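The values are calculated or read from the model by the stated rules, or taken from the named source; none is laboratory data. Because the structure is predicted, anything quoted here is derived from the model rather than measured. Here the Cβ positions follow ideal geometry from the backbone for every residue, glycine too, while neighbour counts run over all protein chains shown.
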Amino acid sequence: MTTHIPYLTARPAWKALESHSNAIRDVHLRTLFADDPKRGRRLTAEAAGLYLDYSKNRVTDETMGLLLELAKQSGLQDRIGAMFSGDKINITENRAVLHVALRAPRQTAIMVDGENVVDRVHAVLDKMADFSNRVRSGEWKGHTGRPIRNVVNIGIGGSDLGPVMAYEALKHYSDRSMNFRFVSNIDGTDVTETLRDLDPAETLFIVASKTFTTQETMTNAQTARDWLIKGLGGDNNAVARHFVAVSTNAAKVSEFGIDTANMFEFWDWVGGRYSLASAIGLSTMVAIGPEHFRGLLDGMRQMDQHFRTAAFEHNLPVLMGLLTVWYTNFFGAQTVAVLPYEQYLNRFPAYLQQLTMESNGKHVTLDGTAVDYQTGPVYWGEPGTNGQHSFYQLIHQGTRLIPCDFIAFGQSLNPVGQHHDILMANVFAQAEALAFGKTQAEVRAEGTPDWLVPHRVFGGNRPSTTILAERLTPEALGKLVALYEHSVFTQGVIWDIDSFDQWGVELGKQLANRILPELDTKNESGAGHDSSTNNLIRRYRQMKQTGGT
Ligand code: G6Q
């Protein structure tokens with residue numbers, strides 16, 4: 001049963017938001033706070049141990065009411081239900097979208113094509129746990145009988161960014177007697193620098209690739225394999241003890257020479273950028289151990305449950321998704337800055353870039369109509385306080401509106417001296433400065449000469465959301481990841497786009513495959529491109545020859 005949902009700009013709530021946005025555009029956050037002394041406690045929501053303060057956004061109760069109405073008129077509740085029940089909502093690839101099944105409890109049933117996928121999920125999780133324990137305890141031996149001390153994940157995109165981000169985020173919980181490294185880029189420097197000081201006898205490679213055909217990953221895996229065999233005296237049998245695979249493609253895994261007994265399976269209903277909770281998380285599990293990995297899944301599950309069941313007005317991912325729609329479509333905002341005040345989250349913005357931009361960087365609706373409204377904004381960011389000494393200037397005094405997400409924790413995992421209080425003072429101060437700014441009168445009152453006053457004025461009225469959690473545990477990370485996943489989903493439903501395909505990455509891959517043989521100087525130089533591309537290829541061929549390659 002599908003109810004007809006009008007085109008976005010024809011939905012009554014959209015039209016109401018248009019006129020409302022004109023009315024609110026010039027209202028300052030100073031006024032909103034002055035008019036409602038309880039605003040800072042009222043416009044907040046809390047779930048699963050995450051506290052969301054959205055009071056410093058340019059919204060009133062009316063705005064929130066209309067945005068929530070827009071969510072309803074966009075059929076969000078039905079679409080959430082469709083995702084959780086395994087409907088094939090990734091329509092351009094005819095696939096279910098079931099990352100939520102990866103963290104479903106053992107006893108649950110989620111059916112895809114007549115099969116309960118939760119059973120399979122737990123079978124793989126158990127196999128991963130067994131393997132991780134064997135590697136961590138030293139029971140799993142390398143070819144020469146030595147235990148594994150280095151784990152290298154080879155993957156790219158969704159098969160890399162989640163694992164790197166989670167490893168960095170959860171380093172505090174990891175086995176410090178082992179090294180964890182990640183190779184992704186096709187640039188030979190990546191694999192070379194990663195392997196240069198490692199001993200092959202103690203190194204395990206996890207080749208993480210859903211398709212097991214990705215050019216970068218397969219090339220890097222081949223190079224790693226050559227390095228290993230060479231380092232272990234030329235014995236091909238060494239591969240079995242030093243390579244495992246994470247993939248959906250058993251045939252390609254065994255073609256590469258990896259025993260499928262050492263393959264950890266996942267499924268086509270897990271999108272790359274949503275795959276951290278699947279076997280793609282194997283490197284994370286080896287690093288932090290199965291118990292902590294289950295903590296990560298548990299955190300995700302709590303947020304899944306909240307997203308699925310909480311009323312929209314208290315629903316964290318829904319609120320965050322709607323705020324992004326608000327600024328993107330009614331304030332012309334082009335970006336969202338994600339600013340974690342937690343050093344361990346240093347790769348979180350990079351991870352979110354893929355999650356958000358590959359999901360919602362779309363130009364047509366589900367039925368193929370070109371949109372005439374903006375979709376996914378650019379996400380970017382750096383951990384605090386570093387950004388304060390660089391790009392924050394533009395956020396405070398530049399000409400663009402940049403909504404910010406601040407993420408911070410009540411307790412530090414490394415409580416040294418006054419560091420954590422100073423860190424937290426800064427995150428609170430930034431949100432306050434952005435919202436309230438500093439008026440001309442305030443600048444003058446400080447004795448600033450007239451000519452300097454305009455330079456020192458902060459207009460304020462710059463929106464931000466603050467997310468607070470108690471402590472960066474595996475569970476808390478899981479909640480944060482699922483919070484953003486579902487915020488992205490909410491945005492995609494409003495914009496009526498397929499958040500789960502990524503056709504935009506295909507054209508470049510095809511053209512690279514066409515150009516590759518043309519770079520080989522033994523072949524005729526291709527001349528079938530535009531004059532710029534032809535010329536660049538010609539120059540490169542000349543450079544190669546002068547370099548003697
Ligand atoms: C993510 C994308 C993409 C994918 C990589 C790696 O959603 O699908 O980033 O993860 O292209 O693909 P493989 O895992 O198949 O190597």
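Figures for the structure shown
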{"read-out": "Contacts under 6 angstrom Cβ, first residue in region 420-437 being closer than 18 Å to ARG39 by Cβ, partner surrounded by 19 or more Cβ atoms within 10 Å (Cβ to Cβ), 6 or more apart", "value": "ALA431/LYS56; ALA431/PHE406; ALA431/SER464; ALA431/THR466; LEU434/ARG462; LEU434/SER464; ALA435/LEU29; ALA435/LYS56"}
{"read-out": "Only one of GLY289, GLY321 that is surrounded by 20 or more Cβ atoms within 10 Å (Cβ to Cβ), away from the ligand (no atom under 16 Å from the Cβ) and small (Gly, Ala, Ser)", "value": "GLY321"}
{"read-out": "Residue among ALA250, ALA238, ALA245 that is under 29 Å from the mean Cα position of the chain (by Cα), buried (at least 19 other Cβ atoms within 10 Å of the Cβ) and among the aliphatic types (A, V, I, L, M)", "value": "ALA245"}
{"read-out": "Top-ranked residue of region 205-232 - restricted to ones that are touching a Phe, Trp or Tyr at 6+ places or on another chain (Cβ under 9 Å) and aromatic (Phe, Trp, Tyr), ranked as farthest from the ligand (Cβ to nearest atom)", "value": "PHE205"}
{"read-out": "Residues located in region 410-444, provided they are surrounded by 13 or more Cβ atoms within 10 Å (Cβ to Cβ) and more than 25 Å from LEU29 (Cβ to Cβ)", "value": "SER412, LEU413, HIS420"}
{"read-out": "Residues located in region 459-471, provided they are more than 24 Å from ALA13 (Cα to Cα) and either buried (at least 24 other Cβ atoms within 10 Å of the Cβ) or not hydrophobic (A, V, I, L, M, F, W, C) (or both)", "value": "GLY459, GLY460, ASN461, ARG462, THR466, GLU470, ARG471"}
{"read-out": "Members of region 8-61 found to be hydroxyl-bearing (Ser, Thr, Tyr) and not in a strand (DSSP E or B), listed by number", "value": "THR9, SER19, SER21, THR31, TYR54, SER55, THR60"}
{"read-out": "Region 261-288 residues that are part of a helix (DSSP H, G or I) and modelled with pLDDT of 95 or more, paired with ones that are within 11 Å of the ligand (Cβ to nearest atom) and acidic (Asp, Glu) (beta carbon under 8 Å, 6 or more apart)", "value": "ARG273/GLU358"}
{"read-out": "Single residue of region 37-48 satisfying the filter (out of contact with any strand residue (DSSP E or B) (no Cβ under 8 Å at 6 or more places or on another chain) and loosely packed, with under 15 Cβ neighbours inside 10 Å) that is nearest to PHE458 (Cα to Cα)", "value": "PRO37"}
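Here is a yes/no grid of residues against (1) away from the ligand (no atom under 16 Å from the Cβ); (2) among the charged types (D, E, K, R):
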position: MET111; (1), (2): yes, no
position: SER132; (1), (2): yes, no
position: ARG136; (1), (2): yes, yes
position: THR144; (1), (2): yes, no
position: ILE148; (1), (2): yes, no
position: VAL151; (1), (2): yes, no
position: ILE154; (1), (2): no, no
